[in-house]
Amino acid sequence: MGENSACKLHAILQKISLTTQRGAGGTLTQQNNDIQSVCDKLTSMSTPDSNSHVFEAAPAEADVSQQIRDISEVPAIEVITTAAVHLMSAAAVKLGLAAEDNAEELKDLDEARKLITALAGLVTAAAPEIGSQHAGPLRDGLRSLQLAFREESVIPDAPGKGPGEKYTGAVN
């Protein structure tokens, strides 16, 4: 189950990345650089230290101004898809789909449920704004995660009661 679901999710995330790059007129930004293949993302997220917050000193005022200018140049579609990819990647890790040997230790279905529900809300709300070209792959990734959650659950949710299903409807 895990390898097959991870491969499907990997293909979906790659498609999202390519769609976002084409949709942005070929201009890539730092936000778009954050979109990686799911295997790379899962590998980088699978160490306990990488999930903990590290305090960094506030950047100088000039740096903040530059960051504001940089983010102002990022199209909304890139911000939305990047957020969705991060939610997908985190949910995949919490479902135990990481490519690491310790993937089972990282599994936390309660956390996965929260992430999938947040992703469902984002995708549902953003779909009219981002168009079917971008929303379709996001919905595919969401559905893959919802099905993987159902497979991983010891006690299955009733139809329509799984993570995010209040936004997407029942997933079979």
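The values are calculated or read from the model by the stated rules, or taken from the named source; none is laboratory data. Just so you know, these numbers come straight off a predicted model, no measurement behind them. Cβ: placed from backbone, ideal geometry, glycine included. Neighbour counts: every protein chain shown.
Details
- Residue count, region 79-129 (criterion: crowded, with 21+ Cβ neighbours inside 10 Å and small (Gly, Ala, Ser)): 9
- Among the criteria (1) touching a residue at least 12 places away in the same chain (Cβ under 8 Å); (2) over 15 Å from Thr168 (Cα atoms), the one Glu105 does not fulfil is (1).
- Scanning region 66-83 for any residue that is at pLDDT 85 or above, in a loop (DSSP other than H, G, I, E, B), over 17 Å from the mean Cα position of the chain (by Cα) and charged (D, E, K, R) turns up at least one such residue.
- Evaluated against (1) at pLDDT 95 or above; (2) not in a helix (DSSP H, G or I); (3) not hydroxyl-bearing (Ser, Thr, Tyr), Asp110 falls short on exactly one condition, (2).
- Among residues of region 119-172, those that are within 18 Å of Ala90 (Cβ to Cβ) and among the β-branched types (Val, Ile, Thr), counted: 1
- Of all residues in region 84-103, those satisfying the criterion of being assigned to a helix (DSSP H, G or I) and small (Gly, Ala, Ser) are Ala84, Ser89, Ala90, Ala91, Ala92.
- Qualifying residue in region 117-129 (condition: without any contact (Cβ under 8 Å) to a residue 60 or more places away in the chain and in a loop (DSSP other than H, G, I, E, B)): no
For every residue, the table says whether it meets (1) at pLDDT below 95; (2) under 14 Å from the mean Cα position of the chain (by Cα).
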| position | (1), (2) |
| --- | --- |
| Ala127 | no, no |
| His134 | yes, yes |
| Leu138 | no, yes |
| Leu142 | no, yes |
| Leu145 | no, yes |
| Ile155 | yes, no |
| Lys166 | no, no |
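- Of all residues in region 133-152, those satisfying the criterion of being touching a Lys or Arg at 6+ places or on another chain (Cβ under 9 Å) and among the polar types (S, T, N, Q) are Gln133, Ser144.
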